[in-house]
1. What does the charge count near Met147 come to, summing +1 for each Lys or Arg and -1 for each Asp or Glu among other residues with Cβ under 15 Å from its Cβ?
2. Under 8 Å for C-alpha pairs, at least 6 residues apart: give me the relative contact order for region 1-116, rounded to a whole percent.
3. Could you check how much of the accessible area of the chain is carbon and sulfur, as a whole percent, using a 1.4 Å probe?
4. Tell me the net charge near Asp32. Cut-off is 11 Å between Cβ atoms, Asp32 excluded, with +1 for each Lys or Arg and -1 for each Asp or Glu.
5. Quick check on the chain: helices-only [θ] at 222 nm, where DSSP H runs of length 4 and up contribute -39,500 (n - 2.57) each and the sum goes over total residues. Nearest 500, please.
6. Using the Cα centre of the chain as the reference point, and only Cβ charges (+1 on K/R, -1 on D/E), how large is the resulting charge dipole? Debye, rounded to the nearest 20.
7. Using a Gaussian network model of the chain whose springs link C-alpha atoms within less than 10 Å, name the residue from Phe111, Phe67, Phe166 with the highest mean-square fluctuation.
8. In the neighborhood of Val175, defined by Cβ-to-Cβ distances under 13 Å, what is the net charge if each Lys or Arg adds +1 and each Asp or Glu adds -1?
Amino acid sequence: MNHEVQVDVPRFAREHWERDFARRISLATPADTARGVFCIGLLKAMEDLGGAEAARQCLQASGETAFVELFSYPIASYLRMVSTAVQLLAAKYGNIEESLRRIGRRAAADFRASSAGRAMGVMHEGDARRLLDCLPAVYRIALSFGMYELSWVEPAHARFTVERTFIPYPFHEGVLLELLEKTKVLRLKVRGRQTSALDSEYDICWG
């Protein structure tokens with residue numbers, strides 16, 4: 001019989017991310033919003049991974065009673081949900097960073113299945129360079145905040161720069177991995193790093 005191995009996350013790591021999320025929430029304004037599709041996707045993911053009680057705790061943390069896919073909701077509500085979710089998932093995935101990547105992957109999958117995401121799929125048709133070239137526009141559609149820029153270091157090496165994002169960098173790593181793994185590239189690598197409180201950048205390479 002196979003047993004899932006669960007790892008206790010060190011207290012200092014939990015406290016670090018609790019402070020990090022609290023800071024991000026404190027910096028958000030009512031104008032900073034995210035689409036309901038991401039909130040719904042997170043609740044579905046939590047129900048799949050942690051059961052109905054885990055999903056209920058995330059919804060309760062948001063301060064909302066329900067979400068509509070195309071409506072926009074305060075990013076602070078979404079961050080409260082994510083902060084709750086990663087604490088619940090950390091033991092399952094070994095650490096909070098990997099939990100954030102898994103949630104980012106789910107967010108990318110949910111967006112890809114939406115009407116805007118399906119249009120994006122037509123645009124790149126499995127081509128990684130074309131997908132990355134339209135990535136800043138995709139982020140602007142999905143989120144009301146942030147500045148996004150993509151530059152090419154080499155033909156198979158792009159750098160994605162994000163300013164004033166409220167979402168931690170491992171989450172964005174998960175988004176990028178999920179989107180690019182559906183293209184034709186091999187030996188994909190995505191490496192993110194925080195450059196300031198709300199800024200981050202990502203090196204994306206393959207081949």
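The values are calculated or read from the model by the stated rules, or taken from the named source; none is laboratory data. Since the structure is predicted, the reported quantities are computational estimates derived from the model, not experimental observations. Don't worry about glycine lacking a Cβ; one is built from the backbone with ideal geometry, like all the others, and counts go over all protein chains shown. Each accessible area value is taken on the protein alone, full model and side chains, heavy atoms only, with ligands, DNA and RNA left out. Shrake-Rupley method; radii C 1.70, N 1.55, O 1.52, S 1.80 Å.
1. -2
2. For region 1-116, the relative contact order is 37 percent.
3. Carbon and sulfur: 53 percent of the exposed surface of the chain.
4. +2
5. Only helices count here, giving -17500 deg cm²/dmol.
6. That gives the chain a dipole magnitude of about 140 debye.
7. Highest fluctuation of the listed residues: Phe67.
8. Once all neighbours under 13 Å are counted, the net charge is +2.
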